[in-house]
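The next block holds one structure in the form of structure tokens; read it before the comments.
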Amino acid sequence: MRSARNYPHLLAADLALALVDVSYSGATTAHVLSDSQHGTAPQVEALDGTEAVVTVTIGGNDIAYVPGLIVASLPGLVRALPVVGGRMRGALDPAAREEALHQVADSLRAVGTTVRERSPQARVLFVEYLTLLPPPGDPAPPLKPAHADLGRHLASRLVEITAEAAAETGCEVVPVAEMSRDHHAWSDDPWTVGATLPIPGRPLAFHPNLAGMRAVATMIRQHLTG
């Protein structure tokens, strides 16, 4: 979650926003609302009511979207190892993912409601995730088709659920997923990275690259300026 406290002034300064960034890798909606993460306070504690803009990108970890893709990219023998763990392998269980989608719908509404209450003067933007996977039918090696299809389903449902939560809580949506469909990780101009080993100084697997982050920043700026 990120916020800007002097937005009206900064509009005249071409949106050179002064941001307070309390986002954290691996965060879930619980870390936004109520739970500490690695010793930090819940992210909503950073809001004091003076904010003019708050951006939120959340929900993917609740449904094991990226963790599932990471597990699916591992060789089958590796996925079977005890070190991978039942919870990680469960990220590929379609029934469990459907239950997670059901739960995250309530959680996203709670996020929208809480942020609106804490920052009543702010424009609250749910910023969607960048599209990771190619269109249905296109290969996404090393992912098997069934795993790629599950990932697409999770991504599509998360877009729908986020839009519903935003509409019900008076928030806005920045449609990043649709605007990045031609820039998936297997495209000629990717805004995310696909399956890759963790290398210091490089983006993690199934996360945005620098071009992707710049693109999202541009989308937010265009959304705010209409």
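Quick look at the values:
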quantity: Long-range Cα-Cα pairs in the stretch 145-191 (distance over 18 Å), rounded percent; calculated: 41 percent
quantity: Helical segments meeting 27 Å axial Cα length and Kyte-Doolittle -1.0 threshold in the chain (DSSP H); calculated: 94-118, 145-169
quantity: Relative packing of 139-147, 65-73, which averages over residues the other C-beta atoms within 10 Å, highest first; calculated: 65-73, 139-147
quantity: Against the rule of thumb 2.2 N^0.38 Å, how large the Cα Rg of the chain comes out; calculated: 1.03
quantity: 5 angstrom amide H check on residue 207, placed H, neighbours 5+ away; calculated: 193
quantity: Rel. contact order, % - alpha carbon contacts under 8 angstrom, at least six apart, the chain; calculated: 19 percent
quantity: Kirkwood-Stokes translational diffusion coefficient of the stretch 84-198, alpha-carbon pairs, 25 °C, 0.890 mPa s, µm²/s; calculated: 156 µm²/s
quantity: J(HN,Hα) series, the stretch 19-33, from Karplus relation 6.51 cos²θ - 1.76 cosθ + 1.60, nearest Hz, glycine and proline x; calculated: 9, 10, 10, 10, 5, 8, 4, x, 5, 10, 4, 5, 6, 6, 8
quantity: Residues residue 225 and residue 188, FRET efficiency given R0 of 25 Å [Cβ-Cβ distance, rounded to 0.05]; calculated: 0.30
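No value in this document is a laboratory result; all are computed from the given coordinates. Since the model is a prediction, treat every value here as computed from it, not as a measurement. So basically every Cβ, Gly included, is an ideal-geometry build from the backbone, and we count neighbours across all protein chains shown.
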